[in-house]
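Scroll down for the structure; my scribbles are underneath it.
Every number in this text was worked out from the coordinates using simple rules, so none of it is lab data. Since we're looking at a predicted model, the values are computed, not measured. Virtual Cβ from ideal backbone geometry, glycine too; neighbours counted across all protein chains shown.
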Amino acid sequence: MTPEQTITQLKNDLGSRLCILAHHYQADSVVRHADILGDSLELARRIDGLDAEHIVFCGVHFMAETAAILARPGQKVHIPDPGASCVMAEMVPTLLAEKVLAALNRDGARIIPLTYVNSSAAVKAVCGRHGGSVCTSANAATMLRWAMSQGDGVLFLPDANLGRNTARVVGIDPARIERLDIRAEGTFIPAADRSRDLYLWPGLCAVHAKFHPEQIAVVRRDEPGALILVHPECDPEVVAMADGAGSTSYLIKAVAEAKSGATIYVGTEWNLVNRLAERHPDKNVRPLRSVMCSNMAKITEDNLARTLSGLDTAEPVRVDDDIARPARVALERMLEACR
Ligand code: 13P
Ligand code: SF4
């Protein structure tokens, strides 16, 4: 049997005991088997309503971890390749995050940690324990406003680009934002004072870092009528030059709503852009540059088939209870604030 046939048969056999979730950056060969396809926010939101005993997450590891934290007792979350990490999520060592927060607060300030969902469960737990929360690219502005209302300022991690782009939407003066120097175990971290509202962890996405202002300038010069849409993990200069920026769901909606015949350049992961081009043959949908997330690409039809074949004996994604509990608090604050 081909992997496709194996998956189809196992899905039939398992019926409602199984639910396959996939992120928009997955390849078509994986997406075609998904019961639920979504952006990070939608996928996190859907966990609560699932009755399936086995949830198979086709995405990167932090997404499966988030699902495992939000799943009910007895539900098992699996990821076809546990090695599918996220470069950005790995830019925050948990102990360093604790140290940096303590250093910011050392003169008595109350800085609220807000982590992008692209982070480990342990970092989400730090946020949960210190009055903070989580955001996705779809709700970052809502959650940044929420976090600003909870204390004297916000530590946003790990994505400095998303932090700056969201600060712009929310109206934070750039002079009141500080990008932290986290070298030397946090030795250079200043104590928070009233001159700053937002402290940015210096992380980034290696995929979205490949979009540059020059690429937009070339499109503007050669095709002045083209629409340019980008993901907010891109450099703030890129976002400022684009016609629109938002989560993967935003990009999908914006392309769907564009006029027939429009030329649209999309600055995000190639699998999604390619799917949009196929879905909208009446529009010219093109990648601003063809970049793939090598970690998302670790999930394949082959390892999905293998995962489904061994579900009953496989070791599911586990998050220790002392991390899962405060991480759930942080995630629930987000789900509550964005109801
Ligand atoms: P969203 O689907 O939430 O926009 O996230 C994009 C992303 O980079 C996931 O890793
Ligand atoms: Fe992480 Fe970037 Fe890949 Fe998203 S696209 S999973 S942020 S490396």
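What the table shows:
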{"read-out": "All-pairs alpha carbon distance profile, the chain, 10 Å steps from 0, percent", "value": "6, 25, 32, 24, 11, 2, 0"}
{"read-out": "Distance cut-off 20 Å, percentage of C-alpha pairs in the stretch 74-158 lying past it", "value": "37"}
{"read-out": "The stretch 247-258 - phi-based ³J(HN,Hα) in whole Hz, Karplus 6.51/-1.76/1.60, Gly and Pro as x", "value": "4, 4, 5, 4, 4, 4, 5, 5, 5, 4, 8, 5"}
{"read-out": "Paramagnetic label zone (point 7 Å from Cα along Cα-to-C-beta, A206; backbone N under 18 Å) in the stretch 227-260", "value": "233-235"}
{"read-out": "Size-normalised alpha-carbon gyration radius of the stretch 1-78, reference 2.2 N^0.38 Å", "value": "1.04"}
{"read-out": "Prolate/oblate/rounded call for the stretch 195-339, Cα gyration tensor, a/c under 1.5 rounded", "value": "oblate"}
{"read-out": "Span from the the stretch 294-339 Cα centroid across to the the stretch 93-122 one, whole angstrom", "value": "23"}
{"read-out": "Rounded to whole Hz, the Karplus (6.51, -1.76, 1.60) HN-Hα couplings of the stretch 28-37, x for glycine and proline", "value": "4, 5, 8, 4, 5, 9, 6, 7, 9, 10"}
{"read-out": "Between the stretch 239-291 and the stretch 157-190, the Cα center-to-center distance that results, in Å", "value": "28"}
{"read-out": "The chain: relative contact order as a whole-number percent, Cα under 8 Å and 6+ apart", "value": "22"}
{"read-out": "Share of pairwise Cα separations in the stretch 131-229, more than 21 Å, in percent", "value": "43"}
{"read-out": "Mean Cβ neighbour count within 10 Å, used as a protection proxy, ranking 220-232, 203-215, 107-119 highest first", "value": "107-119, 203-215, 220-232"}
{"read-out": "Burial ranking of peptide ranges 130-140, 186-196 (average Cβ count within 10 Å, highest at the top)", "value": "130-140, 186-196"}
{"read-out": "Estimated dipole of the chain in Debye, rounded to 20 [Cβ of Lys and Arg +1, of Asp and Glu -1, Cα centre]", "value": "560"}
{"read-out": "Ordering of 54-65, 274-285 by packing [mean C-beta count within 10 Å, highest first]", "value": "54-65, 274-285"}
{"read-out": "Residue-by-residue Karplus 3J(HN,Hα) for the stretch 156-167, coefficients 6.51, -1.76, 1.60, Hz, glycine and proline x", "value": "9, 8, x, 8, 5, 5, 4, x, 5, 5, 6, 4"}
{"read-out": "Mean projected area (nm²) of the alpha-carbon convex hull when the stretch 1-157 is viewed from all directions", "value": "10.0"}
{"read-out": "Scattering profile of the stretch 210-261 at q = 0.19, 0.22, 0.31 Å⁻¹ [log10 I(q)/I(0), Debye over alpha-carbon scatterers]", "value": "-0.64, -0.83, -1.21"}
{"read-out": "Long pairs among K76/K283; K124/K298; K210/K283; K11/K210, criterion Cα-Cα beyond 32 Å", "value": "K76/K283; K11/K210"}
{"read-out": "Relative contact order (%) - criterion: Cα under 8 Å, at least six apart; region: the stretch 150-231", "value": "36"}
{"read-out": "Estimated dipole of the stretch 173-290 in Debye, rounded to 20 [Cβ of Lys and Arg +1, of Asp and Glu -1, Cα centre]", "value": "300"}
{"read-out": "Under-5 Å amide H pairs with K76, H placed in peptide plane, nonlocal only", "value": "H54, I55"}
